[in-house]
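Report on the structure given below.
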Amino acid sequence: LAGNGAGGVEGAQTKASAEDLDGRDAALAIARAGLDKKALNVEIIDVQGKVDYTDFVVVMSGSSDRQVVSLAKHIETEMSRRRLKCSSVEGLPNGSWVLMDFSSVVVHIFHKDTRGYYDLESLWFEASRIEFDELGEPTG
């Protein structure tokens, strides 16, 4: 997985292209990528106007450390195909909690046993959720 990457001309092109994918669409694409790899309890939280570092938070779980790492790698690959660069990744390689920063979307991938301990969703209990079906398609 990429960490803090160099910008340069290529980075500028990637950033410009990533702007074509708005935060909501990026969050849905990330949820779909997680669901492709059997992520559990995927939630998309709209935090626009509530925090200043991102617009959406995607939270999901894996049933093992290996699945958590696999989810993170798959999400990064899929978003890279959409020209959405992950600016930093924290928590690898151990796999109990991985944090991925896509600027307008921050992703938290937890081991299912770790997620309840941190209970991040309760931080934004008043924030709206983006509803989607089992394929990651919006329903509302």
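The values are calculated or read from the model by the stated rules, or taken from the named source; none is laboratory data. The structure presented is a predicted model; accordingly, all values stated were derived computationally and were not measured. Cβ placement follows ideal geometry from the backbone for every residue including glycine, while neighbour counts extend to all protein chains displayed. In case anyone asks, the SASA skips ligands and DNA or RNA and just uses the protein heavy atoms, side chains included. Shrake-Rupley method; radii C 1.70, N 1.55, O 1.52, S 1.80 Å.
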Open item on the list: Taking 22 Å as R0, compute the FRET efficiency from the Cβ-Cβ separation of ASP22 and LEU123 and round it to 0.05.
Closed with: 0.40
TODO: Taking the dipole about the Cα centre of segment 34-88, with the C-beta of Lys and Arg at +1 and of Asp and Glu at -1, give me whichever of SER87, MET60, ASN41 is farthest to the positive side.
DONE: SER87
- [ ] Compute the signed sum of charges (Lys and Arg +1, Asp and Glu -1) over the other residues within less than 12 Å, Cβ to Cβ, of HIS74.
- [x] +2
Open item on the list: Shape verdict for segment 52-140, please, from the Cα gyration tensor: rounded (a/c under 1.5), prolate (a/b greater than b/c) or oblate.
Closed with: rounded
Task: Check: segment 17-57 dipole with +1 on Lys, Arg Cβ and -1 on Asp, Glu Cβ, in debye - done: 320
Task: Whole-number accessible area per residue in Å² for segment 79-140, which is evaluated in the context of all protein chains at 1.4 Å - done: 59
Task: Beta bridges by DSSP in segment 21-140, antiparallel share as percent, to the nearest 5 - done: 65
Task: Peptides ranked, highest mean first, by Cβ atoms within 10 Å: ranges 112-123, 74-85 - done: 74-85, 112-123
Task: Inter-label distance, nm, simple model (7 Å from Cα along the C-beta direction), ARG81/GLN48 - done: 2.7
